[in-house]
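Just so you know, all these numbers are worked out from the coordinates, no wet-lab data involved. All values reported here derive from a predicted model rather than from experimental measurement. Cβ coordinates were reconstructed from backbone atoms using ideal geometry, including for glycine residues, and neighbour counts include every protein chain displayed.
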Amino acid sequence: MEISLTVNGTARSGEVEPRTMLVQFLRAPNFMGGIVPSSSVLARAMSRQAAGFDAIVELGAGTGAVTRRLVVDDPRAALTLIEREQQLARRLARSYSHARVRDGCVHDRVDCLLEQPPRTVAVSSLPFRSLPEDVANATGAAIERFLLADPARRLVQYSYGLREPFAFRD
């Protein structure tokens, strides 16, 4: 089932109203990376980096802006979506019925990461710079566990800034 809306009199299937992001941002600004969904250019760039894997796990799938591109570019990959906001997770589940959608913070869903096949890529736009420190550290540790579980696993992470969004433990 797809989400439909009308923008300027034109129906657009699979898109989420920008005000949804704004509402979520106002509710929990530290957990949202922005007030509008990721651009199609960013989604395409991230999807290119995720190509060729057996499975894709999107961390913080939000409104599905990146998800849409991942599905188009790699329709055969098993898809798992993790989203903290229950409302957004429900929308994702309706829009991507073939995907496993889990609500909750990534660090609370380590099981979803660790049960993935060896050739899995995690795709993330999680806003590490604005997350509370304890959440950022726990999430980074969960991603580290995922990556160390198999040498074929990869992470595609988009972040603002010139330094890494988080550091792995030594």
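Cut-off 19 Å, label point 7 angstrom out along Cα-to-Cβ of D54: give me the residues of the range 100-123 whose amide nitrogen falls inside.
Under 19 Å, as judged by backbone N against the label point of D54, lie 100, 111-123 of the range 100-123.
What order, most packed first, do the peptides 90-100, 109-119 have when packing is the mean number of other Cβ atoms within 10 Å of each residue?
Packing order, densest peptide first, comes out as 90-100, 109-119.
Could you give the length gained by full extension between S40 and E115, i.e. 0.36 nm per residue of separation minus their alpha carbon distance, to one decimal place?
24.0 nm
Report, please, the projected area of the range 51-170 averaged over directions, based on the convex hull of its C-alpha atoms, in nm².
Values: hull surface 28.9 nm².
Mean projected area of the Cα convex hull: 7.2 nm².
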